[in-house]
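Only one structure is covered here, and it is reproduced in the block below.
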Amino acid sequence: MVKKNSDILKWFADAGVSDISIDLGSAVKRKNVKTSINTLAELKEAMEKVEISIKNCALNMVFGVGNEHAEILLLGEAPGAEEDRQGIPFVGQSGQLLDKILASVGLDRTKVYITNILPWRPPGNRTPTLQEITQFRPYVIKHISLVNPKIVVCLGGTATKALLQTTQTMTQLRGKWTKIEELTAIILPTFHPAYLLRSPSQKREAWIDFLTIKNKADTL
Ligand code: URA
């Protein structure tokens, strides 16, 4: 019987091998972040060493912020100009809207953890490429696993598609709970605050999503 990649990876992991590369044709894709990483500080140190061209254009690596034991983790796309300057996620205009949405359901940055798919600002605020997302997804999974939230909120299409590895649209996914094999948390995709700044009529839907998230967190 032909074994699936996931079975083979599990076999290696059970045998104590922690860092495996699988040749997928032209690209060699790293499937695991070292299992010897046990803390957020260790993860940050490992991420700082990642070789990726976008970091050459960025001022700072933007890691994560908030409550490291939070039940709710918010996952954005990538830092913008202000986040790049300050080294903190969601501190620009969309961050200010995010703070207002959190406050409207009784939450704030001391009660949630916030990070992004990419820790460096892509040049000119372009959307992260599939290659960048593929390279960083294992670090995102590790990051979420270390915080160990009950709920992951994907902010916008890029974070949603990257985490869920789906091509479904936000219209199909928004406001619906889902799960992935690699995480114990339940996942809710909602709109990105930057989209809400451009389309304020959707703010009500986002507010409903955050009410749902808060109520779910209170009952889990
Ligand atoms: N947009 C994001 O997706 N993340 C940030 O940190 C800032 C803006």
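The values are calculated or read from the model by the stated rules, or taken from the named source; none is laboratory data. Since this is a predicted model, take the numbers as computed values, not measurements. Virtual Cβ from ideal backbone geometry, glycine too; neighbours counted across all protein chains shown. These area figures cover heavy atoms from the full protein model, side chains too; ligands, DNA and RNA do not enter into them. Shrake-Rupley method; radii C 1.70, N 1.55, O 1.52, S 1.80 Å.
With bins 5 Å wide starting at 0, give me the P(r) of the chain over every alpha carbon pair, in whole percents. Whole-percent P(r) values from 0 Å outward: 1, 7, 14, 19, 20, 17, 11, 6, 3, 1, 0. Here the dipole of the chain is about 480 debye; that uses its Cα centre as origin and unit charges on the Cβ of Lys and Arg (positive) and Asp and Glu (negative). Entry comment: accessible area of the chain is 53 Å² per residue, from protein heavy atoms only and a probe of 1.4 Å. Take each peptide in 166-179, 68-81, 128-141, count the other Cβ atoms within 10 Å of every residue, and average; sorted highest first, the result is 68-81, 128-141, 166-179.
Protein heavy-atom surface of the chain, 1.4 angstrom probe: 51% of the accessible area is carbon and sulfur, with nucleic acids and ligands not counted. Taking the average, over residues, of other Cβ atoms within 10 Å as the packing measure, peptides 99-111, 204-216 rank 204-216, 99-111 from highest down. Among the lysines of the range 31-158, pairs that are 8 or more positions apart or on different chains and have alpha carbons within less than 25 Å of each other number 21.
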